[in-house]
Amino acid sequence: ELRQAEPEFASPVKSAAARDQVLNRLLESELRGLPLNALRLVASDQTGEFEYELVPDIHDYVQRGNRYKVSPERARRGRHVERVEIDSDNLIAGRVRVDTVHDAGSPVSDVVRAALA
C-alpha cells in the first residue's frame, strides 16, 4: 500500500508519476521475482483508498530481452503490423516496468481489503 504520509509530498492517488516511480522502485528491489498477476496496488491519501491495475510496459519488456512471440497481422489498408504475444506467466516483478497512468483507481476489492487487515 502506498500512503501519502506528508501533505507536502505528491499524493499517490492524484499523481500517476509519483505512484509509478515508487511502485517500480519497489518491484525492482523488494518484490523482485514475484508474478505481477499476484500483486495488487492500493494507494491512499486524505480522499480515500483506491486499487490500481498494474499494466506492464510492453516496450520495456521487449527491450530487456524477455520472451515473446511476434507474428504478422493484417492492419487497415492492406498493411501488416507485428503482433507481440507475451505469456502472462513471464510477467515478473523486476523484469518489466509497470504503469498505472491509465487507471483512475477503483474502490478496494473485498479480497484485497481482507489481505490488508
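Sticking with the crude label model, points 7 Å out along Cα→Cβ, report the distance from Val62 to Val81 in nm, one decimal please.
Rounded to a tenth, the inter-label distance reads 1.1 nm.
Placing unit charges on C-beta atoms (Lys and Arg positive, Asp and Glu negative, everything else neutral), compute the dipole magnitude of the chain about its Cα centre in debye, rounded to 20.
680 debye
For the range 7-63 and the range 75-117, write down the distance between their C-alpha centroids in whole Å.
Taking the Cα centre of the range 75-117 as reference, the centre of the range 7-63 is 12 Å away.
In the Gaussian network model of the chain, springs joining C-alpha atoms below 10 Å, which of Ala16, Ala93, Ala38 carries the largest mean-square fluctuation?
Looking only at Ala16, Ala93, Ala38, the biggest GNM fluctuation is shown by Ala38.
Please build a GNM for the chain, connecting alpha carbons under 10 Å apart, and tell me which residue among Arg67, Arg77, Arg40 fluctuates the most.
Of Arg67, Arg77, Arg40, the most mobile in the Gaussian network model is Arg77.
Scan [x] 41, 21, 12; [y] 31, 16, 14; [z] 30, 21, 13 for the value of semi-axes √(5λ) of the Cα gyration tensor in Å calculated from this model and give just the label.
[y]
Quick note: the coordinates plus some simple rules give every number you see, no bench work behind them. Note that the structure is predicted; figures quoted are calculated from it, not measured. Positions of Cβ are backbone-derived with ideal geometry, glycine not excepted, and every protein chain shown enters the neighbour counts.
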